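Have a look at the structure below before the remarks.
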Amino acid sequence: MADNTTLSEVEHIKQASRLLRGAIADGLSDPVTGGLSEADRSLIKFHGSYQQDDRDLREERRQQKLEPAHQFMVRTRLPGGVVTPVQWLVLDGLARDYGNGSLRITTRQTLQLHGIIKGNLKKAIANMNAALVDSIAACGDVNRNVIASANPVESSAHAEAHVWAVRLSEHLRPRTRAYYEIWLDEQPVAGAQETEPLYGASYLPRKFKVAIAVPPVNDVDVFAHDLGFIAILAGDALLGFNVLVGGGMGATHGDAATYPRLASVIGFITPERLLQVAETVMLIQRDFGNRSNRKRARLKYTIDDRTLEWFQDELHKRLGYDLPAARPYRFQHNGDRYGWIEGEDGRWHLTLHIEAGRVDDRPGRPQLTGLREIARIHAGDFRLTPNQNLIVANVAAAARPRLDALVEEHALDGYRRISAVRRHALACVALPTCGLAMAEAERYLPTFLDKLEQQLDRHGLLQAPILFRISGCPNGCSRPYLAEIALVGKALGRYNLLLGADFSGERLNRLYLENVTETEILAALDPLLAGYAAERMQHEHFGDFLLRSGVLGATTQRAPA
């Protein structure tokens, strides 16, 4: 077991929490403050919520001797990213009644509601639950929302991948009744002895993320997760999965002991072994993960500290069998395919571009209203993508004209006109609500892309597909380390510029310039884009060109073939 002689403060909080109850219920009813205690701020994450504050107002409120403008974000648990129209309408209403009037699609294929004050938090979560949407384990030191290649009704293989995502999410869900007692007023059973059969009283050392990819599309960035499964197909038949372990994007500026890592491929399993293997991988991390230093508490560090060979031996010991060799696979890209796509059953699926995943109403772009109108008539469902976009899925051919009219009326048809780099861009929330943000991301994305597009247009590259991602801090929620061009926030108006990942999510980028301004970033990119325009080979992507031309030298890490 792990040698954790000095436990972190969060470990003590979890151990004393009575299986995630803490004093949350009392804190919610405390009228003196708009926030919760430090311990309960840690525990509420396990219930799918983060306490935040509006950092734009922080200094003004400090001068007025007021506490920060506390608010809460609630993240739903939606394995595989599937939402019914009825559920969408409920979440839309909650965003307008209790939140900041927007829904945000995340890179974990789920929805976040922002700006909920403490007095409305319980009502919002209870109303979500009434629509069969919960936020259990959407955050915290547990298995997070299981993501799967988007649009699972496109083929039988996608449908099976989604089924396994749902089954795995349920299998690894915490069993404590704390969520139901705090948010839904469930009465505890007198004398009952409650346990967590998988997690134990201390849960995991840190968050645990799982993704299921269906080649040839790596839309989930499967190598970025603690545990990944790559579907191996024969035609549309699912033969099984390659298993990947030890991926993760998080890092800390100035701390060389923290770093992004691509997951390692360790073998192949048939579908019926997926739940057992996933549980066993998670339990190894539970038992051996670092509980002293949270910055090094992810599975990637457990594997690197002890070696991949050690991990595979431990997995074999617990499973009672070795995994057969991984099967061949091939990814072509990791973005979304916009517009209408016909599924094998003759039904249609419309992928819409949602910039930075933010669904709201703005002048000339009433997208929240538009999707509300679509939800009112749509007989299929919605699919959230890990690239922050939305699919209106399972549409009968006869229903397409009416949906097309609503899409155009509410400015949801931007995917037809935007540049290629904008179609693939991702951004985390960052300021003003994320407490970890060092720089802007979501709010800065449109401005920076406007200027980058001017450069691309000047070099004849406006429709060249280039992966761009921006993160407000090195934790990497927008998966910036897998982008051909990435900005990672260092301070207000300053970023690290990283270059050179590939277009299929199988190679990390590397640091090119540190702590630079927008002017310096654009000046550095301009000659590189000019060289790419003049010297690229047929079908060569920008990141590959940077490596071939010697701009970046050797790669930092590439996924094994």
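The values are calculated or read from the model by the stated rules, or taken from the named source; none is laboratory data. Worth saying up front: this structure is predicted, and the values here are computed from it rather than measured. Glycine gets a Cβ as well: all are built from the backbone with ideal geometry, and neighbour counts include every protein chain shown. These area figures cover heavy atoms from the full protein model, side chains too; ligands, DNA and RNA do not enter into them. Shrake-Rupley method; radii C 1.70, N 1.55, O 1.52, S 1.80 Å.
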Within region 414-456, the count of residues that are more than 30 Å from GLN71 (Cβ to Cβ), touching a residue at least 12 places away in the same chain (Cβ under 8 Å) and not polar (S, T, N, Q) comes to 11
Keeping to region 447-463, report how many residues are open to solvent by less than 10 Å² (accessible area, probe 1.4 Å) and outside any helix (DSSP H, G or I). 1
Name the residue, out of LEU482, LEU522, LEU513, LEU529, that is more than 21 Å from the chain's Cα centre (by Cα), surrounded by 20 or more Cβ atoms within 10 Å (Cβ to Cβ) and among the aliphatic types (A, V, I, L, M). LEU529
Within region 16-28, how many residues are assigned to a loop (DSSP other than H, G, I, E, B), surrounded by fewer than 17 Cβ atoms within 10 Å (Cβ to Cβ) and in contact with a helix residue (DSSP H, G or I) (Cβ under 7 Å, 6 or more places away or on another chain)? 1
Among the residues in region 284-300, are any surrounded by 15 or more Cβ atoms within 10 Å (Cβ to Cβ), closer than 20 Å to GLY414 by Cβ and in contact with a helix residue (DSSP H, G or I) (Cβ under 9 Å, 6 or more places away or on another chain)? no
Flagged pairs (Cβ under 7 angstrom, 6 or more apart or on separate chains; first in region 170-197, within 15 Å of ASP26 (Cα to Cα); second among the β-branched types (Val, Ile, Thr) and buried (at least 17 other Cβ atoms within 10 Å of the Cβ)) are TYR179/ILE136; ILE182/ILE24; TRP183/ILE125
Suppose we keep only residues that are assigned to a loop (DSSP other than H, G, I, E, B) and among the aliphatic types (A, V, I, L, M) within region 424-440. Which one would you say is most open to solvent (accessible area, probe 1.4 Å)? LEU436
Can you pull out every residue in region 301-344 that is open to solvent by less than 70 Å² (accessible area, probe 1.4 Å) and among the hydrophobic types (A, V, I, L, M, F, W, C)? ILE303, LEU308, TRP310, PHE311, LEU315, LEU319, LEU323, ALA326, PHE331, TRP340, ILE341
Read through the list (1) in a loop (DSSP other than H, G, I, E, B); (2) open to solvent by less than 70 Å² (accessible area, probe 1.4 Å), then give the number of the only condition that PRO31 fails. (2)
Taking region 46-75 as the search range and keeping residues that are in contact with an Asp or Glu (Cβ under 8 Å, 6 or more places away or on another chain) and surrounded by fewer than 23 Cβ atoms within 10 Å (Cβ to Cβ), which one is nearest to ARG358 (Cα to Cα)? GLN71
So, in region 393-413, how many residues would count as being open to solvent by 20 Å² or more (accessible area, probe 1.4 Å) and part of a helix (DSSP H, G or I)? 10
Just checking, which of VAL220, VAL210 is within 24 Å of ILE147 (Cβ to Cβ), among the β-branched types (Val, Ile, Thr) and touching a Phe, Trp or Tyr at 6+ places or on another chain (Cβ under 9 Å)? VAL210
I'd like to verify a number: residues in region 493-514 that are part of a strand (DSSP E or B) and more than 21 Å from GLY553 (Cα to Cα), how many? 2
What residue, among those in region 176-226 that are part of a helix (DSSP H, G or I) and of a type outside the set (Ser, Thr, Tyr), is farthest from ASN120 (Cα to Cα)? PHE223
I'd like to check something: does region 79-92 contain any residue that is surrounded by 14 or more Cβ atoms within 10 Å (Cβ to Cβ), among the small types (Gly, Ala, Ser), more than 19 Å from LEU371 (Cα to Cα) and under 18 Å from the mean Cα position of the chain (by Cα)? yes
So, in region 304-339, of the ones that are out of contact with any Pro (no Cβ under 6 Å at 6 or more places or on another chain) and of a type in the set (S, T, N, Q), which residue ends up farthest from ARG469 (Cα to Cα)? GLN312
For SER37, are the conditions met, namely being open to solvent by less than 10 Å² (accessible area, probe 1.4 Å) and small (Gly, Ala, Ser)? no
What pairs come out if I take residues in region 457-469 that are under 18 Å from HIS539 (Cα atoms) and pair them with residues that are assigned to a helix (DSSP H, G or I) and open to solvent by 50 Å² or more (accessible area, probe 1.4 Å) whose C-beta lies under 9 Å away, six or more apart or interchain? HIS459/ALA534; PRO465/ARG423
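Residue-wise test of (1) in contact (Cβ under 8 Å) with a residue 60 or more places away in the chain; (2) more than 25 Å from ALA150 (Cβ to Cβ); (3) assigned to a helix (DSSP H, G or I); (4) not charged (D, E, K, R).
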{"site": "TRP88", "(1), (2), (3), (4)": "yes, no, yes, yes"}
{"site": "LEU94", "(1), (2), (3), (4)": "no, no, yes, yes"}
{"site": "THR107", "(1), (2), (3), (4)": "yes, no, no, yes"}
{"site": "ALA124", "(1), (2), (3), (4)": "no, yes, yes, yes"}
Given the conditions (1) more than 28 Å from ILE470 (Cα to Cα); (2) open to solvent by less than 20 Å² (accessible area, probe 1.4 Å), and given that VAL421 satisfies all but one, which numbered condition is not satisfied? (1)
Within region 130-145, track down each residue that is hydrophobic (A, V, I, L, M, F, W, C) and either under 13 Å from the mean Cα position of the chain (by Cα) or not in a helix (DSSP H, G or I) (or both). ALA131, LEU132, VAL133, ILE136, ALA137, ALA138, CYS139, VAL142
Filter region 148-168 for residues that are assigned to a helix (DSSP H, G or I) and among the charged types (D, E, K, R); the one that is surrounded by the most Cβ atoms within 10 Å (Cβ to Cβ) is GLU160
Go through (1) open to solvent by 50 Å² or more (accessible area, probe 1.4 Å); (2) closer than 24 Å to ASP336 by Cβ and name the single condition TYR444 misses. (1)
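Matching residues to (1) closer than 22 Å to THR307 by Cα; (2) not hydrophobic (A, V, I, L, M, F, W, C):
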| position | (1), (2) |
| --- | --- |
| VAL214 | no, no |
| VAL217 | no, no |
| LEU233 | no, no |
| ALA237 | no, no |
| ALA257 | yes, no |
| ARG261 | yes, yes |
| ILE269 | yes, no |
Taking the condition of being open to solvent by less than 10 Å² (accessible area, probe 1.4 Å) and more than 20 Å from the chain's Cα centre (by Cα), how many residues in region 238-259 meet it? 3
